[in-house]
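Peer 1: Quick one: the structure is below, questions incoming.
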Amino acid sequence: MKRFIGFIKKEFYHIFRDKRSLFILFGMPIAQIMLFGFAITNEINNVNIAILDHSKDETTKEIIHKIASSKYFTIAASILNETEIETAFKKGHVKAVLIFEKDFSKNLGKENNATVQVIADATDPNTANTISNYVSAILQNYQQQINVAVKTPYQIIPKTRMVFNPELKSVFMFVPGVMTIILMLVSAMMTSISITREKELGTMEILLVSPLKPFQVIIGKVVPYIFLSIINAIVIVLLGIFVFNMPVQGSYFLLAAESVLFIITSLSLGILISTVSASQQTAMMISLMALMLPTILLSGFIFPVSSMPLPLQIISNIVPAKWFIIILKGIMLKGVGIQFIWKSTLILVGMTLLFIGLSVKKYKIRLE
């Protein structure tokens, strides 16, 4: 019995001496519950909206102030005419536009009703629906306040219009998200595992001293995954178009170029993960924890980033999937060109160069 107890003590000592085991046992559950608790929410907070006020009277100013003072919306822009609405949506600066009709206050006084049009970006159907419901609730609350002292009740009528996805098809949100997840996992996780396998078996050192230059070895390891990922991207887009009637409003060439860029970004991240992984198991665990969860939770794929706490919003900026989803939705649903997505493209290029630079430094690859 003493031997058995001694054996158990030895196992405890091994666990407590291994920092990685302690992190898996205690760090990962804490990180996951915090991430899931704060990131998973169907509520909206601080969503950027624009205002087009044709009336500009005291009533509309009061309503706009009431909307702006809520925690749900931030007035990000004031639009002067209807022609600016599409540009505002394509730039991605706002998620909705509120249009107050001309002579809003007069119509409310004479006819006892006035109209507010809510135009929502439905590339994310859930968020668009929530925005519409929240605006309606705020207008209803204001309506109740002004009806307290009047005999004939006033009625403020919200009219909602969804753009880019009028039927609110959820597949329009899931196709770009699933495409991002698959490309990230195939490119990054499989690359990190492939390179780590060579290190684990001790063949990486042999390859690095072979007639091939070190950077040729690394490129040779990732080239097959580039082609496999491109095939995956083509299959997903074709399924989206012909099976789910997913539109591609923008340029196919631009879509292909951005997809290749994201694949290269993911591959470079996979190489970087392989530099800190001593075994395939470690590479897989890091890939799943560092790629899978952030891609799903912090990319804006399912849950709006603007509704998350500020620290998570900041962290989301280093998740490549966030910028690729913005690019995909812009090209496929909004039909935008490079002039509207160049910032996201430059961020992906910068991340790629950073990942490659860190990997080169780790592997001491000479590119001459």
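Peer 1: What does the helix-only formula give at 222 nm for the chain: each DSSP H stretch with n ≥ 4 adding -39500 (n - 2.57), the total divided by the residues, and the result rounded to the nearest 500 deg cm²/dmol?
Peer 2: Values: 17 runs with 222 residues, N = 368.
Taking each H run of at least 4 residues, the total per residue is -19000 deg cm²/dmol.
Peer 1: Same structure, new question: Over the chain, what is the relative contact order in whole percent, taking alpha-carbon pairs under 8 Å and six or more residues apart?
Peer 2: Working: 510 pairs, mean separation 65.4, N = 368.
Relative contact order of the chain: 18 percent.
Peer 1: Within a Cβ distance under 15 Å of N165, other residues only, what is the Lys/Arg minus Asp/Glu net charge? Don't skip to the end; give the middle numbers.
Peer 2: Details: positive: K90, K95, R161, K169, K329, K334; negative: E86, D121, D124, E167.
With Lys, Arg at +1 and Asp, Glu at -1, the net is +2.
Peer 1: Can you work out ³J(HN,Hα) from phi for every residue in segment 316-330, in order, using Karplus 6.51 cos²θ - 1.76 cosθ + 1.60 and θ = phi - 60°, giving whole Hz and x for Gly and Pro?
Peer 2: Here the 3J(HN,Hα) series is 4, 5, 9, 8, x, 4, 4, 6, 6, 5, 4, 5, 4, 5, x Hz.
Peer 1: By accessible area of protein heavy atoms, probe 1.4 Å, what ranking do Y13, Y134 get, highest first? Don't skip to the answer; put the middle values down first.
Peer 2: Working: Y13 130, Y134 55 Å².
So the residues, ranked largest to smallest area, are Y13, Y134.
Peer 1: Angle between the Cα long axis of helix 190-201 and the longest principal axis of the chain, 0 to 90 degrees, nearest 10?
Peer 2: In the chain, helix 190-201 runs at an angle near 20 degrees to the longest axis.
Peer 1: Could you give the angle, 0 to 90 degrees to the nearest 10, between helix 28-39's Cα long axis and the longest principal axis of the Cα atoms of the chain?
Peer 2: It is inclined by approximately 20 degrees.
Peer 1: In a shell of Cβ-Cβ distance under 14 Å around E82, excluding E82 itself, what net charge do Lys and Arg (+1) and Asp and Glu (-1) give? Mind showing how you got there, number by number?
Peer 2: Values: positive: K102, R161; negative: D53, E84, E86, E101.
My count for the surroundings of E82 gives -2.
Peer 1: Then there is this: Whose amide H sits under 5 Å from the amide H of V116, counting only residues 5 or more places off or on another chain, with H placed in the peptide plane?
Peer 2: The answer is I157, K159.
Peer 1: Taking all protein chains together and a probe of 1.4 Å, list M173, M292 from the most accessible to the least accessible. Before the final figure, lay out the partial values.
Peer 2: Details: M173 5, M292 60 Å².
Sorted descending by solvent-accessible area, the residues read M292, M173.
Peer 1: May I ask you to evaluate 6.51 cos²θ - 1.76 cosθ + 1.60, the Karplus curve with θ = phi - 60°, for each residue of segment 117-132 and list the ³J(HN,Hα) values in order in whole Hz, giving x for glycine and proline?
Peer 2: Residue by residue, segment 117-132 yields 8, 10, 9, 10, 6, 9, 5, 10, x, 5, 5, 4, 4, 5, 4, 4 Hz.
Peer 1: About the Cα centre of the chain, how large is the charge dipole given +1 on each Lys and Arg Cβ and -1 on each Asp and Glu Cβ? Please answer in debye to the nearest 20.
Peer 2: Details: 33 positive and 21 negative charges, 278 e Å.
Its charge dipole is roughly 1340 debye.
Peer 1: For the chain, which whole percent of the accessible surface, found with a 1.4 angstrom probe, sits on carbon and sulfur atoms?
Peer 2: Working: 12630 of 19400 Å².
Carbon and sulfur: 65 percent of the exposed surface of the chain.
Peer 1: Which aspartates and glutamates have a Cα lying under 17 Å from the Cα of K71, excluding residues fewer than 8 positions away in the same chain?
Peer 2: Within the straight-line limit of under 17 Å, K71 reaches these aspartates and glutamates: E43, E62.
Peer 1: Another one. Taking 26 Å as the cut-off for C-alpha to C-alpha distance, list the pairs among K61/K95; K169/K322; K102/K343; K90/K159; K95/K151 that go past it. If you can, show how the numbers build up before the last one.
Peer 2: Details: K61/K95 21 Å; K169/K322 21 Å; K102/K343 36 Å; K90/K159 22 Å; K95/K151 37 Å.
Going by Cα-Cα distance, K102/K343; K95/K151 fall outside the 26 Å limit.
Peer 1: Now a separate question. On a 0 to 90° scale, report how tilted helix 252-275 is relative to the longest principal axis of the chain, with both axes built from alpha carbons and the result rounded to the nearest 10.
Peer 2: 40 degrees
Peer 1: Largest first, how would H93, H65, H54 line up by accessible area (1.4 Å probe)?
Peer 2: On the way: H93 110, H65 130, H54 75 Å².
So, going from the largest accessible area down, we get H65, H93, H54.
Peer 1: Averaged over every viewing direction, what's the projected area of the C-alpha convex hull for the chain? Give it in nm², one decimal, please. Please list the in-between numbers first.
Peer 2: Details: hull surface 104.5 nm².
Seen from a random direction, the Cα hull of the chain projects 26.1 nm² on average.
Peer 1: Between H54 and residues 5 or more places away or on another chain, which pairs have amide H atoms under 5 Å apart, with H built 1.01 Å from N, and which residues are they?
Peer 2: Long-range HN contacts for H54: F100.
Peer 1: Looking only at Cα atoms, what is the convex hull volume of segment 47-146 per residue, in Å³? Please report the intermediate quantities before stating the final value.
Peer 2: Details: hull volume 8.9 nm³, N = 100.
Convex hull volume per residue, Cα atoms: 89 Å³.
The values are calculated or read from the model by the stated rules, or taken from the named source; none is laboratory data. The structure presented is a predicted model; accordingly, all values stated were derived computationally and were not measured. Every residue, glycine as well, gets a Cβ built from its backbone with ideal geometry; the counts of neighbours run over all protein chains shown. Please note that ligands, DNA and RNA were not included when accessible areas were found on the heavy atoms of the full protein model with its side chains. Shrake-Rupley method; radii C 1.70, N 1.55, O 1.52, S 1.80 Å.
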